[in-house]
1. Amide H neighbours of Phe73 under 5 Å, at least 5 residues apart or on other chains, H built in the peptide plane: list them.
2. What number, rounded to the nearest 500 deg cm²/dmol, is the helix-based mean residue ellipticity at 222 nm of the chain, given -39500 (n - 2.57) per DSSP H run of at least four residues and division by all its residues?
3. Provide the packing ranking of 92-100, 299-307, i.e. peptides ordered by the mean count of other C-beta atoms within 10 Å per residue, highest first.
4. Mind checking which of Ala71, Ala190, Ala154 has the largest fluctuation in a GNM of the chain, springs on alpha carbons under 10 Å?
5. Kindly express, to the nearest 10 degrees and within the range 0 to 90, the angle between helix 103-113's C-alpha long axis and the longest C-alpha principal axis of the chain.
6. Between the alpha-carbon centers of segment 334-358 and segment 56-125, tell me the distance in whole angstrom.
7. Treating the angle as unsigned and between 0 and 90°, give the value, to the nearest 10°, between the Cα long axis of helix 287-301 and the longest Cα principal axis of the chain.
8. Rank the residues Tyr243, Tyr212 as a footprinting-exposure proxy: fewest other Cβ atoms within 10 Å of their Cβ go first.
Amino acid sequence: MRASLGCGNPVNVASLHEGETVLDLGSGGGIDVLLSARRVGPAGTVYGLDASLDMIALARRNAEQAGVTNAEFLHGTIERVPLPDHWVDVVISNCVIDLSGDKAAALAKALRVLRPGGRFGVSDVVVDGELDSECRRVAGQRIGCVAGALPVAACRELLVGAGFVGMRIALTTDHGDGVRSAIVQAVKPAAGPGLEIRPMLQSDAEQVLAIYQAGLDTGQAGFETTAPSWEGFTAGKLAHLRYVAVDTATDQVVGWVAASPVSARPVYAGVVEHSVYVHPGCQAHGIGRALLEEFIAASEDAGIWTIQAGVFPGNTASLALHDRLGFRVVGTRERVGCHRGLWRDVVLLERRSAVTGQ
């Protein structure tokens, strides 16, 4: 207990189940690992990760004294987790991520080791707005764990940027001086077997643009005939709302979804237009639906209240997909543009969030 300083109970936050595999980031003396090991039972496994060899040795002694055999302690940092991709069902942590000097990397690694649909449940410290250095120093002398604490909005932004969806940040204990404990929960996007949805990276450029071009070649995806350069593509898309679907067996990108702002005016800050494309050899496999479902969840987490799209009337598969996911037809722009020598109508679709903007 003396070697297990924390700010909450991530074991309860994560709602662990029998047989699950769990990773505790910054496990210290191992108390949360040992509690988690009891929750997941003999069929489950719990990993504790810590940068201190002394703490790992202590945690192993504690596990041996407690008779726990389904726990393993690893040496490493939370920014470089020594586990394979898609290895755990749940990531927990107790007042450690706020101490990281590279929180974006720590969250990216947590997402990497989680299986699709996996849960992220941590207890951590946040601050109300921006605290000056003196306030942080005073608060840190009293409660510790304050130096790297972020405001809630910044925490949410980092989670979205890492690729998590379904964020929930609930403030708990008020420590004074603008410092609060918080429960942070999120989910890795779920997809079908052998499929992972993650944020789009620059290294995906060639595959993303190839899928874009293949869609344009059908004559049903848009008025353009040639996909833009990567620079042109990224310039028109919101950085925090771009995702790819990846075949986990081949690491091949099989689809993508991205959003563009509809206007620079503040009143339209929560309104975007999206595009979703699937590799022509992978259609009718539910990839488009998986991408769009996770895009909707991520957009709501990012404060988007309206998603718009324009679809050719002949693209019946796209119209049906959007209808199933709550988009409604708001009108048709008749003969709005000439495409390959023909004047084309565009059906305007819109989805208004029932969560954001209410």
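Just so you know, all these numbers are worked out from the coordinates, no wet-lab data involved. Here the structure is a predicted model, which means the values were calculated and not measured. Reconstructed Cβ throughout: ideal geometry from the backbone, glycine too, with neighbour counts over all protein chains shown.
1. So Phe73 has HN proximity to Gly48.
2. -8500 deg cm²/dmol
3. 92-100, 299-307
4. It is Ala154.
5. Helix 103-113 sits roughly 80 degrees off the main axis of the chain.
6. 45 Å
7. Once rounded, the angle reads 60 degrees.
8. With the fewest neighbours first, Tyr243, Tyr212 line up as Tyr212, Tyr243.
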